[in-house]
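The values are calculated or read from the model by the stated rules, or taken from the named source; none is laboratory data. All figures in this text were calculated on a predicted structure; none of them were measured in a lab. Reconstructed Cβ throughout: ideal geometry from the backbone, glycine too, with neighbour counts over all protein chains shown. What goes into the accessible areas is simple: the full protein's heavy atoms, side chains included, and nothing from ligands, DNA or RNA. Shrake-Rupley method; radii C 1.70, N 1.55, O 1.52, S 1.80 Å.
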Amino acid sequence: TNSATHQAVLKDENLITNIEEIAKDTALLHGVLMRTKETPNSPEVVSYAPFTLFPTPVPTALFHQALAVQTHFNRLVDRVSQNPSFLEETLASTIKVDNFTARLFNIYKQVQQEHCPQSIVLGLNRSDYMLDHSPHGGTSLKQIEINTIAASFGGLASRTPDVHRHILKVTNLPEESKNVLDNNPAAGLARGLAKAWELYGSERAVVMFLVEDVQRNIYDHRYVENELWKRNIPVIRRQLEDVCRTGSLDESRRLFVDGREIATVYFRNGYMPQNYTSDKSWEARLMMERSLAVKCPDISTHLAGTKKVQQELARQGVLERFFPDEPETVAQIRATFAGLYTLDMVEEQHC
């Protein structure tokens, strides 16, 4: 009957229009916010971030599958990032045709040759899925991509459960409202950043959020930032050009920006070609990678998240290289793969 009520609600256009207005107000009340396109760097004008009117029902088994496989994906990303020959072989064809990947790879090679002074790396990975409905009625979980750099919306996602609960109550679906799970990724992301700061081992050092010059999505960052301040961990926000202008390494390769020692660089920028506006931007990225600061992510983890690597991992026998004694892990990861095909001009056999 709940499902029937839900369908009736969706067909009632007047009700939907009314709920839309309540939903937008609720999102604003709960801080699901973005700055506007017109004034992306002004805190004076905000609007609600895009969100679905109703939450998406996910079968319990698939929800638990996604949770269980994430630890395996995190281990996989880590192992790929620590395998230079695999990264080099896999990205060889991409480097020839894509200048952006080539420049990232050059930094990777340089850091490798120098032996980076920092062995600690922080990975905050976000795995994106869609539900695949087969013609025979089954539903399965299929991974669209995994993000290893600047994965966003952990902050805003922490506030959406309350928004959806309220909408469902107003729509007279109180039982569905009870099924909306708590979710606080902002606290989880901050726990990782706090651990990296702690392992760096200097009380006076700070966490640096490396941010874009257009900051529409700043509130998503602020939730994570505020979780760090709650732990008395100082945070600064800087852009690549700030690092170009005021960044330096001392003789121990400690990173200083604006005179502050940086314990952790949290990249919320630097993942697209247009983020690097000049050679100076690339020099700043190299300086951060060469430094003692803990990177989230480091350059090898950034490269491990490229589509070309994802496509290579989907090929037969490749996962086994990374988990030689764990057939169950391989099976769990592979179960989420959709078809991934190369754009290289070669004959491939698809299984």
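The conditions of being in a helix (DSSP H, G or I), aliphatic (A, V, I, L, M), in contact with a Leu (Cβ under 9 Å, 6 or more places away or on another chain) and over 26 Å from T301 (Cβ atoms) are met by V9.
Checking each residue in the stretch 231-262 for being of a type in the set (S, T, N, Q) and either open to solvent by 70 Å² or more (accessible area, probe 1.4 Å) or closer than 15 Å to E289 by Cα (or both) picks out N232, S248, S252. Here T90 passes the criteria (1) at pLDDT 95 or above; (2) loosely packed, with under 14 Cβ neighbours inside 10 Å; (3) touching an Asp or Glu at 6+ places or on another chain (Cβ under 7 Å) except the one numbered (2). Selection over the stretch 200-216 of residues that are in a loop (DSSP other than H, G, I, E, B), closer than 19 Å to A151 by Cα and open to solvent by less than 20 Å² (accessible area, probe 1.4 Å) gives a count of 1. What do you reckon, is T26 in contact with a helix residue (DSSP H, G or I) (Cβ under 6 Å, 6 or more places away or on another chain) and within 12 Å of I167 (Cβ to Cβ)? So T26 passes the test. Taken as a whole, the stretch 13-35 holds at least one residue that is closer than 30 Å to L303 by Cβ and either of a type outside the set (A, V, I, L, M) or touching a strand residue (DSSP E or B) at 6+ places or on another chain (Cβ under 7 Å) (or both). I'm checking my understanding of the structure. Among residues of the stretch 95-141 that are outside any loop (DSSP other than H, G, I, E, B) and of a type in the set (D, E, K, R), which one is farthest from D279 (Cα to Cα)? So the residue we want is D132. Scanning the stretch 142-175 for residues that are in contact with a helix residue (DSSP H, G or I) (Cβ under 7 Å, 6 or more places away or on another chain), open to solvent by less than 30 Å² (accessible area, probe 1.4 Å), not small (G, A, S) and not in a helix (DSSP H, G or I) yields I146, T148, I149, T171, L173. Residues in the stretch 217-239 that are closer than 15 Å to V265 by Cβ and in a loop (DSSP other than H, G, I, E, B): I233, P234, Q239. Given F63, F54, which one is surrounded by 12 or more Cβ atoms within 10 Å (Cβ to Cβ) and free of Cβ contacts under 8 Å to residues at least 60 places away in the same chain? Going through F63, F54 in turn, just one is surrounded by 12 or more Cβ atoms within 10 Å (Cβ to Cβ) and free of Cβ contacts under 8 Å to residues at least 60 places away in the same chain: F63.
Quick one: would you say A92 is in a helix (DSSP H, G or I), out of contact with any helix residue (DSSP H, G or I) (no Cβ under 9 Å at 6 or more places or on another chain) and either farther than 30 Å from R222 by Cβ or of a type in the set (D, E, K, R) (or both)? Yes. Can you tell me which residue within the stretch 217-230, out of those that are under 21 Å from E198 (Cβ atoms) and among the aliphatic types (A, V, I, L, M), is surrounded by the fewest Cβ atoms within 10 Å (Cβ to Cβ)? Once the filter is applied, the top-ranked residue is L228. Within the stretch 264-274, none of the residues are assigned to a strand (DSSP E or B) and surrounded by fewer than 20 Cβ atoms within 10 Å (Cβ to Cβ). Please verify whether the stretch 303-321 includes one or more residues that are within 30 Å of R253 (Cα to Cα), modelled with pLDDT of 95 or more and of a type in the set (K, R). No, the stretch 303-321 contains no residue that is within 30 Å of R253 (Cα to Cα), modelled with pLDDT of 95 or more and of a type in the set (K, R). Each residue in the stretch 282-331 was checked for being in contact (Cβ under 8 Å) with a residue 24 or more places away in the chain and within 17 Å of V80 (Cα to Cα), and 26 of them qualify. With respect to the conditions (1) of a type in the set (G, A, S); (2) more than 17 Å from I149 (Cβ to Cβ); (3) under 21 Å from the mean Cα position of the chain (by Cα), A304 falls short on a single one, namely (2). Among the residues making up the stretch 178-199, those that are open to solvent by less than 30 Å² (accessible area, probe 1.4 Å) and either touching a strand residue (DSSP E or B) at 6+ places or on another chain (Cβ under 8 Å) or more than 27 Å from L168 (Cβ to Cβ) (or both) are A190, G192, L193, A194, A196.
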